[in-house]
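Engineer: The structure under discussion is supplied below as structure tokens; questions concerning it will follow.
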Amino acid sequence: MHQNILVITNKLEKILPPGFFDMMEHLPIHLAYETRLGGPIQYRWMYPFERSIGKLKRAIKQKSKVEGSMCEVYLAKETSHFCSYYFRNDVPCLRNRPNRHSDGGVNNSLLKAISIFDRPGDGPKERERLLNQMKYKSASTHILLNCPEVQPYYDLFVEIHGQEIVSDQFAPWFNNYVYKNLCDFHNNF
């Protein structure tokens, strides 16, 4: 492949004017060597580095000396992060900022007792959404099947009804089972 690229590039140089050739036309000459050297692209992916350099470029204030400005931005960021370890815990900085999905510190111990509700919510971005019957049943079943506290009831349901109707009937069965047991519990007292 390496030899073919060299021949093709030489033939193109005979046909096309010199102004056509820039770095992108010269790049294939080195691709075969780089592939042998580094292996497939997934093992030397540059996206994280390109992303961090893009952040630095967007933070540049002085456009006339870009390289120096990028270094200054990087040093300022690293210095402020290092110094933040010496701040008190109540001083807001990048190191101690709240979680992106913070629910504002709402602590409802009843909901926290169920494992599916112990993750922080997205706080002020809440909005009501109406679900049709099929989506509501699907969401209810998904939540129940991914909650470890419901696993004993799921095993009981499979034992009674079998595995094939879980997606259709488990959520309504669970609702009726809990409601019936709750009513029996209150009637006994």
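Engineer: Taking θ as phi - 60°, what are the ³J(HN,Hα) couplings along region 33-40 by the Karplus curve (6.51, -1.76, 1.60), each to the nearest whole Hz, with x for Gly and Pro?
Structural biologist: Using θ = phi - 60°, the values come out as 5, 5, 5, 5, 6, x, x, x Hz.
Engineer: Also, quick follow-up: Cross-link candidates for K135: which lysines have Cα within less than 22 Å, leaving aside residues fewer than 8 places away along the same chain?
Structural biologist: Filter leaves K125.
Engineer: If you rank E128, E67 by fewest surrounding Cβ atoms within 10 Å, what's the result?
Structural biologist: Listing E128, E67 from fewest to most nearby Cβ atoms yields E128, E67.
Engineer: Each label point is 7 Å from the Cα along the Cα-to-Cβ direction; what then is the distance between the points at M134 and I53, in nm?
Structural biologist: My value for the distance between the label points is 4.9 nm.
Throughout, read-outs are computed from the coordinates displayed, never taken from laboratory work. Keep in mind that this is a model prediction, so the values were computed, not measured. Note that we place each Cβ from the backbone using ideal geometry, even for glycine, and neighbour counts take in every protein chain shown.
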